[in-house]
Each structure stands twice: as structure tokens, then as C-alpha cells.
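Reviewing the structure listed below.
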Amino acid sequence: MEAARVMVKLMADFDVERIRRDFPALAQKVRGHGLVYLDNAATTQKPKPVIDTLVEFYTTHNANIHRGVHALSERSTQAYEEARKKIQRFINAESHEEIVFVRGTTEGINLVAHSFGRPRIHKGDEIVVSAMEHHSNIVPWQILRDETGANLKVIPVSDEGELDLAAYERLLTERTRLVSVVYVSNSIGTVNPMSLIIQKAHARGIPVLVDGAQAVSHLMVDVQALDCDFFAFSGHKLFGPTGVGVLYAKKAHLAAMPPYQGGGDMISSVTFEKTRYNTLPYKFEAGTPHISGGIGLGSAVDYLERAGMEKIAAYESELLDYATEALGRVEDLRIIGTSRHKASIVSFVLGDIHAHDVGTILDRYGVAVRTGHHCTMPLMERFGVAATVRASFAFYNTRRDVDSLVEALNQVRKVFR
Ligand code: PLP
């Protein structure tokens, strides 16, 4: 009862129409219709404060960071390092030294595979992933497997789209060196029981990497409460710029890991005989980084904190229920992934109409969805489909958007009747 009251209060405080006005891209017409943007799992739209931050950076502060003594370089450095601290607070990392700026989730995972995996994973060792991973949490481990002779073990997924936790426990052996699992499935929206997954692995001394690409925009993430060893996410899925993301790693791991790339900024001194590496996290940030991107991501985090992640999660949960019910009423529509715990991502097939055809017709009505395998080909195979249509909702989407999707889907059905 109390939980229901809290939910109602959170919803009442959430003014979606005011939020929508902060996102200029949402106001446009596409093919004569108001844009209905439901491709947020691929990338999110950007609020005005983030856009303004980028414009301001390039108009007034632009300079390279860390090495300059002039005013602009000092300002850029300060803004970049402040952004790192904002992100540290946002995911509740213990120290800013644990926040490594990378290009995105993909680079974060590759960094771990290279710098953590390579020195530790040998022939016969095992890496555990799940059947619902994005390709970026499969292929780096396959590359490592092929280089080292290690084995890749896969946690199976149920018909509902949930991980088989009993099978997971059976997969953990004395040869398991790492578990690397997605928090929220980008294809079917399942929210995996990450704390439990981590506890089970840690009970055997096995470190865990969390692919948090879809988690950060929908859930309140606390890396210390999760106790994960690594957590990777992308700025562009969090209402920030493309080309920047974050790898969180426990300090002890980063301290023990060799650098990922060599170059400027990741060193404290270089001679031809010996190079001394920089302190954390700079040891892992070779070369000029995406300075404006990092600062823009800091601004996105500010925006989300003002909106309130708790309110966002409550609003999206209600929107997901509404969308699931509305889509369930569309004839011949089958939702793929019906887990009890889902974020606001709904994948479906419409009779035997090809997903790309559905997506192309929806676009004629200004409805933007993603169609295809969503970089999760093994998961598509698990469900026996080549492709799905995916509607992924952000906190600026409304029930009106869901209604527009449903109306457009009914038009698709008419075309194929
Ligand atoms: N992991 C998941 C769950 C994703 O959804 C994505 C992107 O869709 C990625 C990883 C890769 O993210 P990026 O392409 O930003 O590196």
C-alpha cells in the first residue's frame, strides 16, 4: 500500500510535457506527422542543456586538457574532471580514479578483455556470458578465447526471456575467470537480477563485468551496492553525446591491470629505456580524449539528476505496462520477452510480416522504431526469429506515443491483408 502511494506521488511529480520541451528534436514533423521517437535503446535524443554545454564549450573554452598552462586549457581540464566526478556520483563509485572515459560500452568491454583478461585467462579457463548478450559482450571474449584456448560458457534464457539461474550456478567452476553479463537486455528489455548474479560469482571468487549500456538510463545504478568489478556504459544512450562512455572498475583491478593503449597522457615519464605510467584513471586514457563529449555527458547526468532517476523509473514502468497492454491488443502481434522484470523496451513480431517492412511502414507515420537482430543474433536464434520490431521508450515518451504506434501498426496490418 505504502509502495503504491510512493509510486502515485512520484508519478504526480513527473511533468512529461515540460520534459519534452527540453528535447528540441522531439518537436519536429517527420513525413508530415509529429515525430514518435521509439528508438531510444539505439540512441537517445539530447536535452537542450546538453546541446548548450557543447556549444558553449566550443564557443568559449575549447582547448586540450591536462597539459596546458593557459586559461582555456585550465578551464577545459576543470570541466572535464568535474564531469568525471559527476559520473562518479551518478553511479556511486567510491573514487573518481575508478571512472575511465572510453568511447562507449564496446570499448569498455574490449579494454577489460585486453587488460584484465589477457594476462589472467589461459587455456582451459572459462568465461561466462549469457544468451542475451549484445555482440559487444560476446565477440571480445571470443577473440580472447581464440587467442588463449579458453572456453566461453553461455547462461541459457527461458521462453519468457529470463536467465536460467540454476544453470548459471552450474556453469561456475574452479576454472571460471570472469562472468560478463548484461544488466538490461537491449533486445527484449529483461532486467537481470544483477546483485544475485554477482553474489553467486563472488562466493567463488570470480569477478563480474556488467554491461550497463541499457541500465543507466532506466534504473538507479549503484556500483558499490552491486559490488560489480566492472561496469560499462555509453554516453549516447544516456542523453549525452556519441563517442564517449565510461568504464567503471574497482581501483584494485585498475591498479593491477596493464594499460590498454599507449600514447600521450597515460604516462608520467618516458625514456627509450623505460616508461612510467600515469596514475589512475589516466593510465587508461591514452591520447586526446573526447573532451566535449565527457563534459556533455556530465551535463546529461546533471539533467537526469534534476529530473530524478526514481521518478523516471516509476514513470517508465507505468508506460511499459500501458504499452504492453496496448500492443497485446494488436491482432497477430506477439511480444518476444515477457520477463517479470523489464525496462521500457518491447520487442515483437507482427504475424509473418517481415520486421523491416513493419519498420518501413511505421516510418511513413513518423514512428521511429528499430528492426532487425539488435546486435543479439544468438538471442534471435533462441526465440526462432530472424528479426523483431523493437519499440524502446525513454522518459520523454508518452501514452500518446504508444497510441500512435498502435494506430500505425493497424495500418501495417491493412497493407498486408
Ligand atoms: N551492450 C548493450 C546492451 C547495448 O544495447 C549496446 C548498444 O546498443 C552496446 C552494448 C554497445 O554500445 P555502444 O555501441 O554504444 O558501444
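The values are calculated or read from the model by the stated rules, or taken from the named source; none is laboratory data. Remember, predicted model here, so these are calculated numbers, not experimental data. Neighbour counts run over all protein chains shown; Cβ positions are idealised from the backbone, glycine included. All accessible areas refer to the heavy atoms of the entire protein, side chains included, with ligands and DNA or RNA removed. Shrake-Rupley method; radii C 1.70, N 1.55, O 1.52, S 1.80 Å.
Of note:
- From the options Leu111, Leu144, residue that is touching a helix residue (DSSP H, G or I) at 6+ places or on another chain (Cβ under 8 Å), under 28 Å from Pro289 (Cα atoms), within 13 Å of the ligand (Cβ to nearest atom) and open to solvent by less than 10 Å² (accessible area, probe 1.4 Å): Leu111
- Number of positions in region 200-225 that are more than 16 Å from the ligand (Cβ to nearest atom) and either free of Cβ contacts under 8 Å to residues at least 40 places away in the same chain or more than 21 Å from Ser339 (Cα to Cα) (or both): 12
- Test for Ala313: is it at pLDDT 95 or above, buried (at least 24 other Cβ atoms within 10 Å of the Cβ) and under 23 Å from Ala213 (Cα atoms): no
- Restricting region 170-182 to residues that are open to solvent by 30 Å² or more (accessible area, probe 1.4 Å) and either part of a loop (DSSP other than H, G, I, E, B) or within 10 Å of the ligand (Cβ to nearest atom) (or both) leaves a set whose member that is farthest from Pro378 (Cα to Cα) is Glu174.
- Note on region 318-370: residues that are open to solvent by 20 Å² or more (accessible area, probe 1.4 Å) and in contact (Cβ under 8 Å) with a residue 40 or more places away in the chain amount to 20.
- Selection status of Val55, open to solvent by 80 Å² or more (accessible area, probe 1.4 Å), closer than 17 Å to His290 by Cβ and either of a type in the set (Val, Ile, Thr) or under 25 Å from the mean Cα position of the chain (by Cα) (or both): yes
- Which listed residue is β-branched (Val, Ile, Thr), within 22 Å of Val346 (Cα to Cα) and either within 15 Å of the ligand (Cβ to nearest atom) or touching a Phe, Trp or Tyr at 6+ places or on another chain (Cβ under 9 Å) (or both), from Ile138, Ile197, Ile188: Ile188
- Filtering region 91-113 to residues that are more than 14 Å from the chain's Cα centre (by Cα) and not in a loop (DSSP other than H, G, I, E, B) leaves His96, Glu97, Glu98, Ile99, Val100, Phe101, Asn110, Leu111, Val112, Ala113.
- The set of residues in region 238-263 being open to solvent by 40 Å² or more (accessible area, probe 1.4 Å) and either closer than 29 Å to Ile51 by Cβ or in contact with a Lys or Arg (Cβ under 8 Å, 6 or more places away or on another chain) (or both) consists of Thr242 alone.
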